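Enquirer: Shown below is the structure under consideration.
The values are calculated or read from the model by the stated rules, or taken from the named source; none is laboratory data. This is a predicted model, so every value here is computed, not measured. Don't worry about glycine lacking a Cβ; one is built from the backbone with ideal geometry, like all the others, and counts go over all protein chains shown.
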Amino acid sequence: MNTPVSADQQAEIDALRDSPQPTLRAVSPGMEAHLYTAHPVLDHGFVRVVDYMGDDAAICQAARVSYGRGTKSVQNDEGLIRYLMRHWHSTPFEMCEAKFHVKLPVFVARQWIRHRTANVNEYSARYSILDREFYIPQPEQLAAQSRQNNQGRGEVLEGEEAQRVLSLLREDAMRSYDHYEAMLSQAQPDGTPQQGLARELARMNLPANIYTQWYWKVDLHNLLHFLRLRADPHAQYEIRAYADAMCAIVADWVPAAFGAFRDYRMEAVSLSAQAAAVLRRRLKGEVVTQEESGMSAREWREFEGDWG
Ligand SMILES: Cc1cc2nc3c(=O)[nH]c(=O)nc-3n(C[C@H](O)[C@H](O)[C@H](O)COP(=O)(O)OP(=O)(O)OC[C@H]3O[C@@H](n4cnc5c(N)ncnc54)[C@H](O)[C@@H]3O)c2cc1C
């Protein structure tokens with residue numbers, strides 16, 4: 001894995017971490033430990049927290065519309081947070097916010113940007129020249145099209161085929177970046193001057209595995225919704241790698257809220273009316289088949305996957 005930030009960028013991060021300020025604001029010790037630090041994701045990417053607002057206590061403060069911190073005991077607060085999560089009382093979670101700096105391949109950014117309830121500012125490839133950095137999957141991520149799931153991968157490619165695919169990915173990336181530079185350049189290969197194509201046009205031949213960067217600010221409620229969808233096994237591995245890194249950060253930031261989220265959302269199983277009816281009948285000792293369940297074959301397979 002390459003270092004995702006340069007020595008200069010790391011020096012800027014270190015300088016920020018070396019200059020703490022006293023504050024009256026709510027502080028989460030777990031999030032302070034992450035603040036500014038770049039956590040590597042994929043081969044050149046990272047996610048890092050650049051700012052945040054609130055902590056577990058802030059969720060309780062909002063729920064109680066309190067004049068003070070709004071906390072009672074830690075146990076009491078945790079109980080309240082779990083109650084709020086369980087009953088979809090979501091607005092207290094919107095009182096916490098986090099601002100992330102993310103470096104990610106463009107094809108991952110396309111999936112990520114579908115989450116509309118965040119504020120985004122992306123690196124401008126009209127203004128700046130993109131770096132020669134492309135996502136090339138690790139061999140264990142280089143898999144064939146899944147036969148069961150049209151939106152998924154199957155077995156890992158092996159041997160010569162894997163090598164061929166990796167070579168194509170690398171060669172295409174390098175060739176398109178060479179052409180990008182050649183179009184931007186104010187000199188032809190033999191040194192003859194040329195005007196150089198505008199950056200906003202030259203970028204259009206770059207492939208979707210080139211890295212981009214953005215600042216992404218979101219409230220905790222919508223962040224958890226994002227994590228629920230993107231840290232899920234159904235999400236594509238590359239965006240899941242970011243979501244997993246963010247789950248670890250959120251768990252340190254708001255441990256009670258993240259614990260409730262894990263129990264009532266991530267690892268919870270929701271039941272349709274038909275599935276609940278089948279379970280009730282099974283608990284009474286009845287044998288129920290898919291035909292009498294009112295569920296489609298696919299839904300039944302998913303139900304059996306969860307309940308055996
Ligand atoms: C596994 C997976 C596969 C996917 N496959 C595809 C695909 O094949 N094609 C595709 O196009 N997308 C696909 N998506 C994207 C998906 O459909 C959503 O666009 C994406 O997950 C963002 O979810 P969201 O709208 O809930 O999030 P957000 O945009 O953050 O919105 C959060 C919630 O706010 C509300 N909301 C926000 N904006 C509006 C609005 N304008 N109107 C009404 N309510 C709003 C909704 O309740 C929404 O759930 C896929 C997502 C996943 C996780």
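Enquirer: May I ask you to verify whether V65 is β-branched (V, I, T), surrounded by fewer than 19 Cβ atoms within 10 Å (Cβ to Cβ) and in the same structural domain as Y237 (by TED's automatic domain parsing)?
Expert: When the stated conditions are applied, V65 passes them.
Enquirer: Report, by residue number, each residue of segment 187-222 that is within 16 Å of the ligand (Cβ to nearest atom), in contact with a His (Cβ under 9 Å, 6 or more places away or on another chain) and not in a strand (DSSP E or B).
Expert: N222
Enquirer: Can you tell me how many residues in segment 62-90 are within 14 Å of the ligand (Cβ to nearest atom) and touching a helix residue (DSSP H, G or I) at 6+ places or on another chain (Cβ under 7 Å)? Don't jump to the end; show me each part of the working.
Expert: Taking segment 62-90 as the starting set, the residues that turn out to be within 14 Å of the ligand (Cβ to nearest atom) are 88, 90.
Now restrict to residues that are touching a helix residue (DSSP H, G or I) at 6+ places or on another chain (Cβ under 7 Å): 90.
Total meeting the criteria: 1.
Enquirer: Checking the structure you have, find out if any residue of segment 239-251 is farther than 18 Å from K99 by Cα and within 13 Å of the ligand (Cβ to nearest atom).
Expert: yes
Enquirer: Still on this structure, please answer the following. Suppose the filter is over 29 Å from N149 (Cβ atoms) and among the charged types (D, E, K, R); does E200 pass it?
Expert: Yes, satisfied.
Enquirer: Name the single residue that is farthest from the ligand (Cβ to nearest atom) among those in segment 124-163 being surrounded by 15 or more Cβ atoms within 10 Å (Cβ to Cβ) and among the aromatic types (F, W, Y).
Expert: Among residues in segment 124-163 that are surrounded by 15 or more Cβ atoms within 10 Å (Cβ to Cβ) and among the aromatic types (F, W, Y), the one farthest from the ligand (Cβ to nearest atom) is F134.
Enquirer: Then there's this: Look at segment 92-128 and say how many of its residues are touching a Leu at 6+ places or on another chain (Cβ under 9 Å) and part of a helix (DSSP H, G or I).
Expert: Here the count works out to 7.
Enquirer: Name every residue in segment 53-94 that is under 30 Å from W112 (Cβ atoms) and in contact with a His (Cβ under 9 Å, 6 or more places away or on another chain), in order of residue number.
Expert: A63, S90, T91, P92, F93, E94
Enquirer: Could you please find all residues in segment 32-83 being free of Cβ contacts under 8 Å to residues at least 24 places away in the same chain, assigned to a loop (DSSP other than H, G, I, E, B) and under 26 Å from the mean Cα position of the chain (by Cα)?
Expert: Once the filter is applied, which keeps residues that are free of Cβ contacts under 8 Å to residues at least 24 places away in the same chain, assigned to a loop (DSSP other than H, G, I, E, B) and under 26 Å from the mean Cα position of the chain (by Cα), segment 32-83 yields L35, Y36.
Enquirer: Of everything in segment 178-219 that's touching a Lys or Arg at 6+ places or on another chain (Cβ under 8 Å) and hydroxyl-bearing (S, T, Y), which residue is surrounded by the fewest Cβ atoms within 10 Å (Cβ to Cβ)?
Expert: Only one residue fits best here, namely Y215.
Enquirer: When residues of segment 91-123 are filtered for being small (G, A, S) and more than 14 Å from the ligand (Cβ to nearest atom), how many remain?
Expert: So the count comes out to 1.
Enquirer: Just checking, does segment 10-23 include any residue being of a type outside the set (D, E, K, R), touching a residue at least 60 places away in the same chain (Cβ under 8 Å) and surrounded by fewer than 19 Cβ atoms within 10 Å (Cβ to Cβ)?
Expert: Pass one, segment 10-23, residues of a type outside the set (D, E, K, R): 10-11, 13, 15-16, 19-23.
Now narrow it down to the ones that are touching a residue at least 60 places away in the same chain (Cβ under 8 Å): none.
No, the conditions are met nowhere in segment 10-23.
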